[in-house]
Amino acid sequence: MSESNMDHAEVHYFNSYNHHGIHEEMLKDEVRTKSYQSAIYQNKHLFKDKIVLDVGCGTGILSMFAVKAGAKHVIGVDMSTIIEKAREIVEVNGMSSKITLLQGKMEEVELPFPKVDIILSEWMGYFLLYESMLDTVLYARDKYLATGGLIFPDKATIYMAGIEDGEYKDEKIGFWDNVYGFDYSPLKDTALTEPLVDTVEMKACVTDPARVFTIDLYTVSSADLAFSAPYVLKVRKPQDFIHALIAWFDIEFTACHKPIHFSTGPQSKYTHWKQTVFYLREVLTVEENETVTGYLKSKPNEKRKRDLDITISYRLETDDPSREAEGTLDYKM
């Protein structure tokens, strides 16, 4: 498909992966890259003599891991021009006879094999689903994965928690109340609707984490990615405030002999996905063992399918009527 046939958002998405910096950041993300490396290297019995498809192969790192693990042949597919560099990287590492790299959309390229035994992909975006390639992975699964074939990774779970973040919220949101003597409150509304991708310290968490939504890559459909899921957050600190709700995701490779998983949560080592922060309009004053309940809803934006429309409802369950609070907020990613 030529650029002229793609909408502007799609062109921008693919072009963003042409840049060196984005690949450097991903490769230097040790949690991400080492988890894939361990999942592949520790399961050579699964990769030996297999045909492997690497969806969104980028610089080819996962493809090369698979060859080292004994794969018979690997096909890497990527829309971005980074694939030209990937070809050079594969060549200087002596793997050109084992890896076929194809530039184009997964839906349009022609694979040299009718079926593959394993699909590898690093498809996750911020908040798991923002600008993610999951639709493409599901297309590849339905069209190319052999019966009994494996997907690496195959499970993803979104978690939520409540955080105390007064100082930063004031800096990000309160700033618009007085900008050099002017009332900029119309921009405050915009600021509230844009989730922030940032690193949250564990000590800021006021509630226990809650598992909200799990994706099984063997069974999930594209339609399932527009979801509404309930959550319950239990307050674990004696007296505190909740200024924002945060979300992150965990990834699992369950096909492994010894299951491998990594987390992008505040309790874990840094990853380039960080956490996603959703500021509330009001401040919740909470006591230990109280709960915040509600729904997390997410669906692809109708015009720009890689963007997300997210709605979060919340209700503080408390016996103290003076602190009762509930609301619903719409966010755009």
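Numbers below:
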| read-out | value |
| --- | --- |
| Where a residue in segment 244-270 is farther than 18 Å from residue 129 by Cα and its partner, wherever it lies, is among the hydroxyl-bearing types (Ser, Thr, Tyr), with Cβ under 7 Å and at least six apart | 244/279; 260/35; 260/38; 270/199 |
| Output for segment 187-200, where each listed residue is free of Cβ contacts under 8 Å to residues at least 12 places away in the same chain and either out of contact with any helix residue (DSSP H, G or I) (no Cβ under 8 Å at 6 or more places or on another chain) or open to solvent by less than 40 Å² (accessible area, probe 1.4 Å) (or both) | 189, 190 |
| Complete set of residues in segment 95-115 that are more than 11 Å from residue 73 (Cα to Cα) and touching a Ser or Thr at 6+ places or on another chain (Cβ under 6 Å) | 106 |
| Tabulated pairs, segment 29-42, first more than 14 Å from residue 124 (Cα to Cα), second in a helix (DSSP H, G or I) and among the small types (Gly, Ala, Ser), C-beta under 7 angstrom, 6+ apart or interchain | 40/66 |
| Residue list for segment 230-248, restricted to those being within 17 Å of the chain's Cα centre (by Cα) and open to solvent by 10 Å² or more (accessible area, probe 1.4 Å) | 248 |
| Index of the failed condition, residue 98 passing every other in (1) over 19 Å from residue 58 (Cα atoms); (2) in contact with a helix residue (DSSP H, G or I) (Cβ under 6 Å, 6 or more places away or on another chain); (3) not hydrophobic (A, V, I, L, M, F, W, C) | (1) |
| Scan of segment 115-163 for residues that are small (Gly, Ala, Ser) and within 13 Å of the chain's Cα centre (by Cα), ordered by number | 121, 125, 132, 156 |
| Those strands (runs of 3 or more DSSP E) lying entirely in segment 87-184 with at least 2 residues in contact (Cβ under 8 Å) with a residue 40 or more places away in the chain, touching an Asp or Glu at 6+ places or on another chain (Cβ under 6 Å) and open to solvent by less than 70 Å² (accessible area, probe 1.4 Å) | 155-163 |
| Filter result (within 23 Å of the chain's Cα centre (by Cα), among the β-branched types (Val, Ile, Thr) and open to solvent by 10 Å² or more (accessible area, probe 1.4 Å)) within segment 265-309 | none |
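The values are calculated or read from the model by the stated rules, or taken from the named source; none is laboratory data. The model shown is predicted, which means the values in this text are computed figures rather than measured ones. Cβ sites come from the backbone with ideal geometry, for glycine too, and all protein chains shown count toward neighbours. Note: accessible area is taken over every heavy atom of the protein model, side chains too, but ligands, DNA and RNA are not part of it. Shrake-Rupley method; radii C 1.70, N 1.55, O 1.52, S 1.80 Å.
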